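Novice: Mind looking over this structure? Questions follow.
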Amino acid sequence: MDHNIQDIFMGIQEKKSELKDLKSVCKQVLESSGEYQEVEEQLKTLREKRKVIVKKAYEQCSGEMIKIEDLKIDIESDQEMLNDIAMTKYTKGETIEIKDKYDNEYEPVFTVKFKKAN
């Protein structure tokens, strides 16, 4: 498999552009539909109503909400540390073994992403 990475990247960019154009066409068709506009307004009203209900519920369990936010931060921090340790072990050629409380084994999955420079 002798693929040129630049050619593959350009192909992906072209497909993303085509996808964006097609989605735009579909969005225009939807926005020209009166029925769609009516349902969108109903959704907006329901979302606002839901937001008020959720806010009232959260006010009743503010202690739990603080704990939830703290746990989210702890989990994110621990996940970052786990990723760093796994990457370090991987680059050193060491075996990475993780098991949960049910003895299920987990293996690392690495991904490569590209972002625009500058």
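Novice: Can you give the calculated 222 nm mean residue ellipticity of the chain, where each DSSP H run of n ≥ 4 adds -39,500 (n - 2.57) and the sum is split over every residue, rounded to the nearest 500 deg cm²/dmol?
Specialist: Mean residue ellipticity at 222 nm (helix-derived): -25500 deg cm²/dmol.
Novice: If r is the Cβ-Cβ distance from residue 68 to residue 111 and R0 is 25 Å, what FRET efficiency results, to the nearest 0.05?
Specialist: 0.35
Novice: Okay, next question. What's the extension gain from residue 58 to residue 13 if we count 0.36 nm per residue and subtract their Cα-Cα distance?
Specialist: Gain on stretching residue 58 to residue 13: 11.9 nm.
Novice: A further question follows. Report the gain in length on full extension from residue 44 to residue 3: 0.36 nm times residue separation, minus Cα-Cα distance, nm rounded to one decimal.
Specialist: Between residue 44 and residue 3, full extension yields 10.0 nm more.
Novice: Contour minus end-to-end for residue 99 and residue 22, with contour as 0.36 nm per residue of separation and end-to-end as the Cα-Cα distance?
Specialist: That works out to 23.3 nm of additional length.
Novice: Now a separate question. To the nearest 0.05, how large is the calculated FRET efficiency for residue 80 and residue 51 if R₀ is 25 Å and r is the Cβ-Cβ distance?
Specialist: Efficiency computed from Cβ-Cβ geometry: 0.20.
Novice: Among (1) 66; (2) 43; (3) 75, which is the computed percent of Cα pairs over 20 Å apart?
Specialist: Recomputing percent of Cα pairs over 20 Å apart here picks out (3).
Novice: Continuing with this model, one more query. Expressed as a whole number of Å, what is the distance separating the alpha-carbon centroids of region 71-115 and region 14-61?
Specialist: 36 Å
Novice: Which one, 19, 43, 71, has the greatest fluctuation when you compute a Gaussian network model over the chain with C-alpha springs under 10 angstrom?
Specialist: Its mean-square fluctuation being the largest, the pick is 19.
No lab work stands behind these numbers, since they all come straight from the coordinates. Because the structure is a prediction, the values reported are computed rather than measured. Here the Cβ is made from the backbone with ideal geometry for all residues, glycine too, and neighbour counts use every protein chain on show.
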